[in-house]
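Okay, structure first, notes after.
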Amino acid sequence: MTDTAPLEPEATDTAAPTAGAIEQASRFTPAKLVSSYGGLVAIGVLALIMLVWAPGALSTFRLGNLGKYCAWALAGIGIGLAWGRGGMLVMGQGVFFGLGGYAMAMHMKLEAAGPGNVPDFMQLYGNGTMPAWWGPFRSGPFTLFAIIALPALISLILGYGILKRRVKGAYFAILTQALAVAFATLLISTIKQTGGFNGLNTFSTFFGQNLYDEQVKKNLYLITAALMILFLVVIWQLYRSRYGELLVATRDQEERVRFLGYDPANIKLVAFVLAAIMASIGGAMFVPIAGIISPSNVDAAASIMMIAGVALGGRASLLGPALGAIAVGYGQSTLSEQFPGQWTYFQGALFIFVILLLPGGIASVWPKLKDLVPTRSAAVATVETEPEVAVA
C-alpha cells in the first residue's frame, strides 16, 4: 500500500491586493481627481477663453475693457486670499492698487516727456521743477521693482503693526478703509507732484511701445490676462499647501492655532503682503490700458467696489474673486452705457440679492445644486442602513 500525499492547490499568479495597492488605487478615483485637480482644470478652461477666444472674437475697444476688468481681478484674487481664506476684510486695497498704478504712470509720464524734461502738469500747476523722488522712475527696471517692493514694504510695516496688536474684525476693516481715504486725500492735496484730483493721464508710450498701436493694445490685454491666470495657479497651489491649511485654521480657530505654537499674526501677515502685491500689479496694468490713474480709482469707494466684486463671485472660492471682479466691471460698463442715470440702482440691487440669498457668492450655487442631487454612494449607504425584515 503506497502513501499518497494530499493534493495541494495549484499556485496561481493572482495575489490578494495589499493595503498599499488599495490606497494607491483609491487616490486615482474620479472623485479624488476632481477634488484634487478640478480647480486646475477650471483655470485651464478660463485660460482658453481669455487668451485664445477673447483676442479673436472681441473688438479692440471691448478687449481693452476686458483688460481693465482683469486688472481689477488681479486685486480681487489677493482680496480673496486675505479675506476669504484669512478672514481679514481688507477695505483699503485701493491704496496698494494706487501705489502700483502711480508708479507705472510716473514712468510713462517721464517716458513721454523725454530725457531731461519734466511732465506737462508740473509746468501747468507748478514752477516746472520735478521732485527728486520722481527721478528714479525714469528707469523701467526700477519701476518694475518699485511696483512689487513698495507695496510689499508698506503692507509689511502696516500689517505688522496692526496684526501684532491683534486688531481684527470690524476694527481691521475700518482701519484699512481709513488708509484708503487718507491716501486719496494726500493725492488730491499734492497737485504739483501727483496731478491732484485729475491724476496722471495723456500717456503715449509703454516701455517704448506706441500705445495707439492696435497690436500694442492687444498685447497689454494678453499680459494682464496671463498675469491673472498665473496668479490663479499660484493661489491654487497655495490653497493646497500647508500654509493654506494654516491660514484657514487661523481664520476659524485662531486661539487653537496659537495654542499649537504658531503665531497667527505672522500667518495673516503673509496673506496681507501677498494681497498688497497682487493689487499693486493690478494697478500697474490698469494704467496703460485705461490711460489714466486718479484718486477716484484708489479711494474708499473704489476699494469697496473691489470688495463687492469678490463678495459677488465668492470670496472663499478659487475662481470666484476673479470672476466676480470681471462681472462687476462688465456690469458697470454695460449698465452705464444703457442706463446712464440708473445703473447704480441695478448694481446695488444685485449686491443686495447676493448678500441675502447667496452669502457665499455665486460660487456657492454649484455646491447647493450638488447637495440636491442624490449620489450613488449616498443611495448605496441608504440601502445598507435599512433594517432587514424578518421572514416568518
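Run the numbers for Ser36 and Phe145: contour at 0.36 nm per residue of separation, minus the present Cα-Cα distance, in nm.
Residue separation times 0.36 nm, minus the Cα-Cα distance, leaves 35.8 nm.
Here the 3J(HN,Hα) profile of the range 58-67, calculated from phi with Karplus coefficients 6.51, -1.76 and 1.60 at θ = phi - 60°, is 9, 6, 4, 5, 5, 5, x, 4, 5, x Hz, Gly and Pro shown as x.
3J(HN,Hα) along the range 189-203, derived from phi through the Karplus expression 6.51 cos²θ - 1.76 cosθ + 1.60 where θ = phi - 60°, amounts to 7, 10, 5, 6, 9, 10, x, x, 5, 6, x, 10, 8, 6, 8 Hz, with x in place of Gly and Pro. Length gained on full extension, Trp133 to Phe61: 22.4 nm, using 0.36 nm per residue less the C-alpha separation. Take every Cα-Cα pair in the range 279-342 and report what % of them are more than 16 Å apart. Percent of Cα pairs beyond 16 Å in the range 279-342: 56.
Remark: spin-label model distance Ser204-Leu153 equals 3.2 nm, labels positioned 7 Å along the Cα→Cβ axis.
Taking the centroid of alpha carbons for each part, the range 186-219 and the range 264-288 are 22 Å apart. Close amide H partners of Met91, meaning residues 5 or more places away or on another chain with modelled amide H under 5 Å apart, are Thr176, Gln177.
Computed extension length for Leu48-Lys218: 59.6 nm, one decimal, from 0.36 nm per residue of separation with the Cα-Cα distance subtracted.
Ranking Lys68, Lys268 by solvent-accessible area of protein heavy atoms (1.4 Å probe, all protein chains present), from largest to smallest, gives Lys68, Lys268.
The share of accessible area on the range 98-227 that comes from carbon and sulfur is 67 percent, using a 1.4 angstrom probe.
Using the Cβ-Cβ distance between Leu211 and Phe259 with R0 = 56 Å, the FRET efficiency computed as 1/(1 + (r/R0)^6) comes to roughly 0.55.
What accessible area per residue, rounded to a whole number of Å², is obtained for the range 58-102 using a probe radius of 1.4 Å? Averaged over the residues of the range 58-102, the accessible area is 21 Å².
The values are calculated or read from the model by the stated rules, or taken from the named source; none is laboratory data. Keep in mind it's a predicted model, so treat the numbers as computed, not measured. Positions of Cβ are backbone-derived with ideal geometry, glycine not excepted, and every protein chain shown enters the neighbour counts. Only protein heavy atoms, including side chains, enter the accessible area calculation; ligands, DNA and RNA are left aside. Shrake-Rupley method; radii C 1.70, N 1.55, O 1.52, S 1.80 Å.
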